[in-house]
1. Convex hull over the Cα atoms of the range 162-204, averaged projected area in nm²?
2. Which Cα, out of Pro159, Phe131, Ala205, lies furthest along the positive dipole direction of the range 70-210 (beta carbon charges, K/R +1, D/E -1)?
3. Could you tell me the relative contact order of the range 1-123? Use alpha-carbon pairs under 8 Å, at least six residues apart, and round to a whole percent.
4. I'd like the accessible area for His98: 1.4 Å probe, protein heavy atoms, all chains in place, Å² to the nearest 10.
5. Calculate log10 I(q)/I(0) of the range 192-279 for q = 0.13, 0.20, 0.23 Å⁻¹, where I(q) comes from the Debye formula with a single equal point scatterer on each Cα and nothing for solvent.
6. Could you work out the relative contact order of the chain? I mean the mean sequence separation of Cα pairs under 8 Å and 6+ apart, divided by the number of residues, in percent.
7. Please calculate the 1.4 Å probe accessible area of Ser137, with all protein chains present, and give it to the nearest 10 Å².
8. Per DSSP H run of at least 4 residues, take -39500 (n - 2.57); add these up for the chain, divide by its residues and hand me the 222 nm value, nearest 500 deg cm²/dmol.
Amino acid sequence: MAGGVLTSLGFVFSAFAQSLLHLYLGLGLLAGCGWALAFAPALGTLSRYFSRRRVLAVGLALTGNGASSLLLAPALQLLLDTFGWRGALLLLGAVTFHLTPCGALLRPLALPGDPPAPPRGPLAALGLGLFKRRAFSVFALGTALIGGGYFIPYVHLAPHALDRGLGGYGAALVVAVAAVGDAGARLVCGWLADQGWVPLPRLLAVFGALTGLGLLAVGLVPSVGSDDSWGASLLAAAGAYGLSAGSYAPLVFGVLPGLVGIGGVVQATGLVMMLMSLGGLLGPPLSGFLRDETGDFTASFLMCSSFILSGSFIYMGLPRALPSCHPASPPPTPPPERGELLPVPTVVLLPPGGPQSTVEATC
């Protein structure tokens, strides 16, 4: 709820900006802190609500990213044309303020895996003790490397399409294809991961590697002949990237309960966001620098692909990421999802025959 207030204030403050410093403080500091306060608790709480279909629930929640990439671009352009950039920021501030009532609808739950007492001290409260676990340290290092390349297509995919000779509508279509593939793959991969056929760490490494290979294909596609061409090769590469990146997104959060336990999943989600953001501080500026030095985005996407492939290789150090020579025991059957949300009431049903034939039933 505090994140919704801060994000809204950041947009409203930026609407009255008189310099770039004001935008840095509004959109960068206030809105950035607000997004962090909203995203980490919401996704961490969602992971606590589900057990058997946790990854599908996370994937369904994250489809908002793909839908917003597809829908908000023309909507924002309409707002800019109608109200100007200041009016558009004010309206975005009003929209993001709705995060506050959304936060009020989230119900905190007490689960058996929670620590008996709240953590003491700033380091314990931040969850930095999770780095003492080898599995989480491996996961954190791989995620930080992937964060260095994961956000570059969101920033430079459309300019890359323009550099390849596509017109404005062609570049918009490339972004739309990647967004549709991203949103659809999150649902499909969430369902696939919850079936238990393949261990989550192995899926994480596989789809991370496919994301890197998809971006490698995006960077190596040849230029098209004219602005009227739709760039079939770039569309295919962008679609492959969207499918693989969308499959990776729910797994990176769905694997956390198995690494840190359900009691530390909220802290672990915040740390993962921090690590990916640190990688994001490096990736897009370096990509822009390579574009300025080389004249196109080929080197940028190759660098982006190398970051993601390196992180996926590190994921192979996670437990069960690699096939074992010994037959693995089947994964334990997760508890039914009813037990994590509400206690199951036991009621007494009185039949017409009277209390002598009373039976107990669970509703």
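1. So the mean shadow area of the Cα hull is 3.9 nm².
2. Phe131
3. Computed value for the range 1-123: 40 percent relative contact order.
4. In the full protein context, His98 sits at about 120 Å².
5. Taken in order of the listed q values, log10 I(q)/I(0) reads -0.56, -0.96, -1.11.
6. Once divided by the residue count of the chain, the mean separation gives 25 percent.
7. Its heavy atoms expose roughly 40 Å² to the probe.
8. -23000 deg cm²/dmol
The values are calculated or read from the model by the stated rules, or taken from the named source; none is laboratory data. Keep in mind that this is a model prediction, so the values were computed, not measured. Glycine also receives a Cβ, built like all others from the backbone with ideal geometry; neighbour counts cover every protein chain displayed. Calculation scope for accessible area: heavy atoms of the full protein, side chains included, ligands and nucleic acids excluded. Shrake-Rupley method; radii C 1.70, N 1.55, O 1.52, S 1.80 Å.
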